[in-house]
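Where a number appears in this text, it was derived from the coordinates with a stated rule and is not lab data. All of these numbers come straight from a predicted model, not from anything done at the bench. Methodologically, a virtual Cβ is constructed for each residue, glycine included, from the backbone with ideal geometry; neighbour enumeration extends over all protein chains shown.
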Amino acid sequence: MGIENPVHLLFIGVVALLVLGPKRLPGLARALGHGIREFREAIGQGESPAERQERSQAVDPAEPVRSPDAPDRGPL
């Protein structure tokens, strides 16, 4: 059960604006974004360089799988 409708986000924004006021809301949003960025960086630092490289070279599920010695016949 999550936020399935953009109207829910609008409602949450209006309530936050009424509770916090127009002067404090941008600072809170900036602090929240900074906290999320720091959290993602901290999670990324827990990975080893090999794990990061493996994740960056992940296989695209939309691409067909072919053996290296198969002739190139173009797209299927």
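Things worth noting here:
- In nm, spacing of pseudo-spin labels at A29 and E54 (7 Å Cα→C-beta vector): 3.9
- Derived scalar couplings between HN and Hα for the stretch 13-30 equal x, 5, 5, 4, 5, 5, 6, 8, x, x, 7, 8, 5, x, x, 5, 5, 5 Hz in order, rounded to whole Hz, by the Karplus curve 6.51 cos²θ - 1.76 cosθ + 1.60 (θ = phi - 60°), x for Gly and Pro.
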